């Protein structure tokens, strides 16, 4: 493939990426519509019984009926494979909201046939065991799913005796105590722990008089806790499923007269799209904005005016958390995934924001202070094993609260590059903390690298791999982070040599995963996507130009055939898929920028 053609492709796609900014000058993106989010939203809204909402409910129901997979089940997105959890939730929603409708009756029959092929009898007693077995020790999603099945009448209320009781009473204690309890939900799911826990308690027969008394006394304090952490938008984490589960469980518990329900219903009404569907979350505006800035990289001053860059810098500085977060008591200095109020600070978005500000940094004091505060925040999150979790340090024993390679690599690069660029403007005490974090992060990544050279990511999967993990994504991301880190001056030779060993093993792994047609999927033999192919190319630029060119040829043909079509690569909450419209464009631009810059064409 001619490099002139790649330059033309780069110019064309950068122009397209720039045009995707919203009216405020940053990127919002567009998450895929979600059958699961749509199902839980229409149930929550119908439970409220407001006649003015009937059209919203009917539009959501019509969208569901129009997006059932050809074999009868539902996936999380229109392009996702059917799965039991989403199919059950859609079955419950269609049954509850579409009673008496012929199209609903046909859809229910088709879902029943799909579930039967998965050895689940909708009228039998195996649904609870199947859902609990699928999610294992993590009750974050399994108990809300089962609760909705009870609420919609798919399961009898007596089934609550088999549904685990979420210990909502523990939430009346200080949040700093939560790590002492085996709550069996991830750190960001406290709203579900409270609302779903109360619903299960009020629905099931209570045999222990002492626990009955304790939980009865805990309901009102738990509700007050919930009211304190509900965001201004009404959407917990800006997530439609979480907000809908909380709302429906409080309504079903006859606890509708509170601001959590009122705000939750308003949030759900506002999030419905014109086609009747709901996305999984409001948006990932901070994430896609920082990804876009990093994809353009050092070319930012050529592609943007000074005023446009200032808008982006000011936006990121403005949305940095300046106070302790009320939801999870996170310290100031971090960033969440969106500028809306339901977001909470996390390691990936904080690292991305730091790196995006560094791309645009020009000795501005406010920008430098934001970066320094972000670094300070990151140093407080590192776990004992040297890795970084998503939301908070050592909160629990579940996977989403544990250290992971892609987040650690991202934080490592943010800290390394900050120290390299800002130097002595960073306070000496923080410099020392950052250097220690960097050394421990490398140690974690060394141990976390698999024998075949790969790393597994946490929040991103591939629905067609054998275990639905995505080692190509994880390996490509960590490789890119390490490659950029090794360019920084502060690393000593021994550390650079160790990074070089990790990079060699990782790139050899990625080369083995390239498909015959030049693409990459989640692993070798899995159909390629623009997202995974672009990331693999970015990681392989210094290693194998021929493999990159072969990949670019596939990308060019793919776009001619199907356009910049996004694929379900994002894995959210507990086994919940989504895709983002901007991912293929952003990652393709980054691959072109890295390749052309390496070959001195930019």
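The values are calculated or read from the model by the stated rules, or taken from the named source; none is laboratory data. Model, not experiment: these values are computed from the prediction. Here Cβ is always computed from backbone atoms with ideal geometry, including for glycine, and neighbour counts include all displayed protein chains.
Out of 59, 137, 113, which single residue is in the same structural domain as residue 235 (by TED's automatic domain parsing) and free of Cβ contacts under 8 Å to residues at least 60 places away in the same chain?
On the way: 59 fails: free of Cβ contacts under 8 Å to residues at least 60 places away in the same chain; 137 fails: free of Cβ contacts under 8 Å to residues at least 60 places away in the same chain.
Only one candidate qualifies: 113.
Does residue 537 satisfy the condition of being touching a strand residue (DSSP E or B) at 6+ places or on another chain (Cβ under 9 Å), part of a helix (DSSP H, G or I) and surrounded by 21 or more Cβ atoms within 10 Å (Cβ to Cβ)? Quick ask: steps written out before the conclusion?
Working: touching a strand residue (DSSP E or B) at 6+ places or on another chain (Cβ under 9 Å): no; part of a helix (DSSP H, G or I): yes; surrounded by 21 or more Cβ atoms within 10 Å (Cβ to Cβ): yes.
The answer is no for residue 537.
Are any of the residues in region 289-310 surrounded by fewer than 18 Cβ atoms within 10 Å (Cβ to Cβ), without any contact (Cβ under 8 Å) to a residue 40 or more places away in the chain and closer than 30 Å to residue 57 by Cβ? Within region 289-310, not a single residue is surrounded by fewer than 18 Cβ atoms within 10 Å (Cβ to Cβ), without any contact (Cβ under 8 Å) to a residue 40 or more places away in the chain and closer than 30 Å to residue 57 by Cβ.
For residue 25, are the conditions met, namely being touching a residue at least 60 places away in the same chain (Cβ under 8 Å), touching a helix residue (DSSP H, G or I) at 6+ places or on another chain (Cβ under 6 Å) and not assigned by TED's automatic domain parsing to the domain that holds residue 196?
Working: touching a residue at least 60 places away in the same chain (Cβ under 8 Å): yes; touching a helix residue (DSSP H, G or I) at 6+ places or on another chain (Cβ under 6 Å): yes; not assigned by TED's automatic domain parsing to the domain that holds residue 196: yes.
Spelling it out, residue 25 is indeed touching a residue at least 60 places away in the same chain (Cβ under 8 Å), touching a helix residue (DSSP H, G or I) at 6+ places or on another chain (Cβ under 6 Å) and not assigned by TED's automatic domain parsing to the domain that holds residue 196.
Taken together, 510, 549, 503 contain a single residue that is part of a helix (DSSP H, G or I), buried (at least 23 other Cβ atoms within 10 Å of the Cβ) and assigned by TED's automatic domain parsing to the domain that holds residue 455, which is 510. Suppose the filter is buried (at least 20 other Cβ atoms within 10 Å of the Cβ) and closer than 30 Å to residue 307 by Cβ; does residue 36 pass it? Criteria not met by residue 36. Within region 311-324, the set of residues being surrounded by fewer than 18 Cβ atoms within 10 Å (Cβ to Cβ) and part of a loop (DSSP other than H, G, I, E, B) comprises 322, 323, 324.
Here is a yes/no grid of residues against (1) over 14 Å from residue 417 (Cβ atoms); (2) assigned to a helix (DSSP H, G or I); (3) more than 20 Å from the chain's Cα centre (by Cα); (4) not assigned by TED's automatic domain parsing to the domain that holds residue 188:
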site	(1), (2), (3), (4)
348	yes, yes, no, yes
357	no, yes, yes, yes
362	yes, no, yes, yes
369	yes, yes, yes, yes
373	yes, yes, yes, yes
391	yes, no, no, yes
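None of 379, 390 is touching a strand residue (DSSP E or B) at 6+ places or on another chain (Cβ under 6 Å) and either over 30 Å from residue 595 (Cα atoms) or surrounded by fewer than 23 Cβ atoms within 10 Å (Cβ to Cβ) (or both) except 390. For residue 568, the conditions (1) assigned to a loop (DSSP other than H, G, I, E, B); (2) out of contact with any strand residue (DSSP E or B) (no Cβ under 7 Å at 6 or more places or on another chain); (3) within 30 Å of residue 283 (Cβ to Cβ) all hold with the exception of (2).
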